[in-house]
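Written below as structure tokens is the structure these notes are about.
The values are calculated or read from the model by the stated rules, or taken from the named source; none is laboratory data. Note that the structure is predicted; figures quoted are calculated from it, not measured. FYI the Cβ positions are ideal-geometry reconstructions off the backbone, even for glycines, and counts take in every protein chain you see.
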Amino acid sequence: MTRAPSALSSAARLCGTALLGVATLALASCGGGDRPRTELAAAQLNTIGVNAYLWRAALDTVAFAPLLQADSAGGVIVTDWYANPSNPGERVKLTVTILDQDLRADALRVAASRQVNDNGNWTEAPVQAATVQKLEDIILTKARDLRRQSLES
């Protein structure tokens, strides 16, 4: 047995349709010429907690080593120990920290730990400061290239 729609349900349907129309018009009027120009703030464009170009460049640079942690909200990348196959008696571990949303040299910090194998035991060894500086330079150069590429497209 079917029932004829009541006057109340017809009125509710009509009201719902009217509200949907009003909402559609309101949303349509939101678009306009007041949108921010992305090329003006391209160094800060991101959906993560840190500069997206530095983040991508850092991940690309340390991709040779297995990752232990990659926290884009906090800007920390930690690798596991990596031994170069040509020098298995030495291994390195890297921590990259991105400190800011701006693409600047002081928004990046790289720390490295190095160990050498001494008769089956891994012992701490010094890391040359030039090694850390070189990694920072590589990351910054890649980040600037990524930014430049995004502005050209």
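In segment 117-131, is there at least one residue being modelled with pLDDT of 95 or more, within 17 Å of residue 60 (Cα to Cα) and out of contact with any strand residue (DSSP E or B) (no Cβ under 8 Å at 6 or more places or on another chain)? No, segment 117-131 contains no residue that is modelled with pLDDT of 95 or more, within 17 Å of residue 60 (Cα to Cα) and out of contact with any strand residue (DSSP E or B) (no Cβ under 8 Å at 6 or more places or on another chain). Taken over segment 60-83, the criterion of being part of a loop (DSSP other than H, G, I, E, B), touching a strand residue (DSSP E or B) at 6+ places or on another chain (Cβ under 8 Å) and within 24 Å of residue 144 (Cβ to Cβ) is satisfied by 62, 64, 65, 75. The set of residues from segment 106-144 being closer than 19 Å to residue 48 by Cα, in a helix (DSSP H, G or I) and of a type outside the set (Lys, Arg) comprises 106, 107, 139, 140, 143.
Of all residues in segment 84-98, those being more than 20 Å from the chain's Cα centre (by Cα) and part of a strand (DSSP E or B) number 4. For segment 105-136, the set of residues classified as of a type in the set (D, E, K, R) and exposed (fewer than 15 other Cβ atoms within 10 Å of the Cβ) consists of 106, 109, 118, 124, 134, listed by residue number.
Figure legend. Inter-residue proximity from segment 94-117: first residues of a type in the set (Val, Ile, Thr), second residues assigned to a loop (DSSP other than H, G, I, E, B), beta-carbon distance below 7 Å, spacing 6+ or different chains. Indicated pairs: 96/62; 97/75; 98/50; 98/51; 98/75; 116/89. Screening residue 64 on (1) out of contact with any helix residue (DSSP H, G or I) (no Cβ under 7 Å at 6 or more places or on another chain); (2) touching a residue at least 40 places away in the same chain (Cβ under 8 Å) shows it passes everything except condition (2).
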